[in-house]
Amino acid sequence: MEQALLHDLESRCTQEEAPACRSMCPLHVDGRDFARFMGEGRFDEARAVLERFMPLAGLCAFLCQGECMPHCRRAETDTGVNLPMLERACALHSRPGKAMPLPASGKSATLAGSGLSSLCLAFELGKKGCKVKIVHTGEAGQALAARASDLLPRGALSGAMERLLALRVSFERVDDFSPDLCATLLRENKILYLGLDDPALDFRLSAFGLEHPGDPLTLETAIPGIFAGGAGISFIKAAAAGRRAAGSITRFMQGVSPSSARAGEEVYPTKLFTDLSRVLPVPPVEAADPKTPTLAEAAAEAARCIQCSCLACVEKCAWMARYGAYPKRYAREIYNTLAMKVGHRRANAQINSCTLCGLCAAVCPNGADMGRFCAEARKEMVSSRHMPASAHEFALEDMVYSNSPEVAFYRHQPGHERCRYALFPGCRLPASLPEQTGKLYAFLARNLEGGVGFFFRCCSMPAKWSGRPLLTASCAAGLRETWEEAGRPELILACPACALFFSAELAEIPIKSLWETLAALPLPDTARALDGVLALHDPCTARDRPDLAEAARSLALRLGQKTEDLPLSRGFTRCCGYGGLSLFANPEVGAEISRSRLGDTDKDLLCWCVMCRESLRSAGMRALHFLDLLFPGEKDPAVRPAPGISTRQENALAFRRAMLQNFWNEEDEVAGMEPAIFSMDGEVAEKLEARRILRSDVEKVLLHSKEKGAQFRNPQSGRILSCLRPKQVTFWVEYSENADGSFTVHNAYCHRMRVPGTPGEGLPTAVILEGFDPQGGRV
């Protein structure tokens, strides 16, 4: 995969961006984590957050004046979270962490002045094992104590001095910074910092040979090794100046440019998107005594923090939520998996479980599209031969079946040698609603001028979803060839997934939606509305087609059917779970995605995509299709079970025969369906469905067992176990023989292992027993 695709997605996902409280804090304190710990009563952990970001936290916590508060997202609904109050309470009532300096590095630095910037610089350098000396007038920290007397509680400054002494910081008191002393300091120190927030250093720049203070970011001066800062700024900005000076001095000691790799050290606006639509105003908590807030008061104020985060896609996508991360992290995991040559490719299942529906891009303010990313990942997995065969094989076999000569066909409308239109219902609608599909065709043929042909086959979207561009192109070529042979009619598409495929792969073929077509026609005489309100479910494959969503609603209105939109609908609709072949590649996740609609409504669902109707009905929701209203059949279509995989294939074959006979008076040349040779109860049928075993596969095993006698027989129960490997899957069937020659199937399962001696269809038993696999290679 191209790195550009990874970097593009990473740049769009903002979840790892700092919240505003951190990005706009001069020290970049993580106010979100700090407030969370305070709100949860985990005060020692809150203190650890302060000490991670704030030099001399037991001192600076009392000096913060809330420069981040105007930028707090909570301030957009009422007032920002009072982090200074939380910091003060935390510093008063929690235990400080233990200073853990690195071993002595052999480096040294001298700091002039004992303002806050110098103290914080000494703390940062001391932690790194640097020998630090602070030269000051009066008592150490006297300047700070004078400026902050109304903010600092007793013991805060002395506690800071004790921590500095523990880091081997030394103090040297002088009477004043005379020109001679300044010259001596300049001459005797390779590294010197001028703390201009100490009044004793006012107007002393010239004494050090300087005209201007240090650079605002690096605090470098015109003289190499001399750094200066801290003048005329707030306490927290002075502390930040001290930290930045530590970074510059460390780089200088290492022979690295002090300006290298400094992005993000100053304040900056956050890129993190946070949805405030559900944030309600909460009044701030005022401390009874602002100087000594209690932990209870601080915890209550901390609870006002909305814990800024994006996760817009994770909240709405069951696939995202399932894997517990967000696009930027997913993209890295997938990219790293694709780069692996050997080892466990742990992101494979994740890649193949995505429905490729585009909801993430629709809800993301920057359009981060995991569907596109996973689609590209699948292509690479296929091309590098790392795509598991089990992921999409069944879906592709089902597609091939739908496109086979036994099922697919095209016919002009009876009495027409050429048709202006052709109904393309897709593969699933006739297999799920065969009777209504036939009535739909008859209705269109009666009401559209110029003739309506019938084009029955799969659009081949499974090839595209599975990441197989060559197969996709081959299938598209087959569609194009049939369309050209049919005289290039305009196709009326009943399935939005088909419309998506034709738009992407066969743009030269004119298409229109069935729902647009019906909007311009009179309603069928059989059309009816149901009592009550139906919740309209929009398919994700029509996410970018608002015109189709409007056409569906217009049709419901003409029917007199009351409908309501789901919480996520139209361009923001949820996937039903079928998209991207998720239900095939990872049935558990696919079913979870289908069930994500369960909490959206207590109404029956009205679908205009048959795959949506089937998936949502299988998930336990009452759902019906628009054709159930236009050409009603069952009294309560919302409870009609979704047909299983075998039933769909059998329905498709029966539909073909019925259409050819009823409309074109043709007897199907394909061999007729044989009566079932076995029976099974509902529990066994459910197992076959869950295990993707077709009834035709079971029949092959039974017939092969009967013909070849390759079987195990249980002498106690009389049951027989037999197997067959007709393709890349071995099927095992446990059954018993009935007196009339039929069979009763008790269990069936399948696997992909090659078991020596497994019978292969069409291979003589003698050859199999000699140790050859079904492909003719010796085991």
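The values are calculated or read from the model by the stated rules, or taken from the named source; none is laboratory data. As the structure is a prediction and not an experimental result, all values here were calculated from the model. No Cβ is skipped: glycine too gets one built from the backbone with ideal geometry, and neighbour counts run over all protein chains shown. Note: accessible area is taken over every heavy atom of the protein model, side chains too, but ligands, DNA and RNA are not part of it. Shrake-Rupley method; radii C 1.70, N 1.55, O 1.52, S 1.80 Å.
Worth pointing out:
- The chain: angle of helix 327-339 to the longest principal axis, Cα-based, in degrees nearest 10: 70 degrees
- Counting only protein heavy atoms and using a 1.4 Å probe, the accessible area of CYS354 comes to about 10 Å².
- Label-to-label distance for ASP275 and GLU508 is 4.4 nm, based on points extended 7 Å past Cα in the beta-carbon direction.
- Point-charge dipole on Cβ atoms (K/R +1, D/E -1) for the stretch 41-164, about Cα centre, debye to 20: 500 debye
- Given R0 = 22 Å, the distance between the Cβ atoms of THR563 and ARG528 translates into a calculated FRET efficiency of 0.90.
- Cα gyration tensor category, rounded, prolate or oblate, for the stretch 108-253 with a/c compared to 1.5: rounded
- Think of the chain as having a plus end and a minus end, set by charges on the Cβ of Lys, Arg, Asp and Glu; of ILE306, ALA642, LEU521, ILE306 sits farthest toward the positive end of this dipole.
- Spin-label model, GLU481 to GLU139: label points 7 Å out along the Cα-to-beta-carbon direction sit 9.6 nm apart.
- Ranking of THR337, THR744, THR294 by solvent-accessible surface, largest first: THR294, THR744, THR337 (1.4 Å probe, protein heavy atoms only, all chains present).
- Accessible area of CYS21 in the full protein assembly, 1.4 Å probe (Å², nearest 10): 20 Å²
- Taking each of LYS464/LYS512; LYS341/LYS727; LYS127/LYS328; LYS464/LYS727; LYS562/LYS635; LYS328/LYS603 in turn, the alpha-carbon distance tops 25 angstrom for LYS341/LYS727; LYS127/LYS328; LYS328/LYS603.
- Think of each Lys and Arg Cβ as +1 and each Asp and Glu Cβ as -1; about the Cα centre, that makes the dipole of the chain roughly 1440 debye.
- Shape box of the stretch 678-769 [Cα atoms, principal axes, largest first, Å]: 36, 29, 22
- Partner lysines whose Cα lies under 20 Å from the Cα of LYS131, excluding those fewer than 8 positions away in the same chain, are identified as LYS98, LYS107, LYS190.
- Two-site FRET efficiency, ASP8 against GLN307, from Cβ-Cβ distance with R₀ of 22 Å, rounded to 0.05: 0.20
- In this simple spin-label model, placing a label point 7 Å from the Cα along the Cα-to-Cβ direction at both GLU16 and ASP176 gives a separation of 5.5 nm.
- Of all accessible heavy-atom area on the chain, the percent that carbon and sulfur account for (1.4 Å): 53 percent
- Scalar couplings 3J(HN,Hα) for the stretch 253-270, obtained by applying the Karplus form with A = 6.51, B = -1.76, C = 1.60 to θ = phi - 60°, are 4, 8, x, 9, 4, x, 8, 7, 6, 10, 4, x, 7, 8, 5, 7, x, 6 Hz; x denotes Gly and Pro.
- Cα shape, the stretch 603-655, gyration tensor, a/c 1.5 rule: oblate
- Toward the positive end of the charge dipole of the chain, with +1 on the Cβ of Lys and Arg and -1 on the Cβ of Asp and Glu, the farthest Cα among ALA99, SER353, CYS575 is that of ALA99.
- Among 131-143, 88-100, the order from most to least packed when residues are scored by Cβ within 10 Å on average: 131-143, 88-100
- Going through [x] -0.78, -0.90, -1.13, -1.22; [y] -0.71, -0.82, -1.02, -1.15; [z] -0.52, -0.68, -1.03, -1.22, the figure that equals log10 I(q)/I(0) by the Debye sum over Cα atoms at q = 0.07, 0.08, 0.10, 0.11 Å⁻¹ as computed for the structure here is [y].
- By DSSP, the beta bridges lying fully in the chain are antiparallel in about 35 percent of cases.
- Solvent-accessible area per residue in the stretch 108-253 equals 42 Å², computed with a 1.4 angstrom probe and all protein chains kept.
- Charge-dipole axis of the stretch 1-62 as Lys and Arg at +1 and Asp and Glu at -1 on Cβ define it, positive-most pick from ALA35, GLN15, GLY58: GLY58
- Within the stretch 108-253, percent of DSSP bridges classed antiparallel, to nearest 5: 5 percent
- Ordering of 587-596, 78-87 by packing [mean C-beta count within 10 Å, highest first]: 78-87, 587-596
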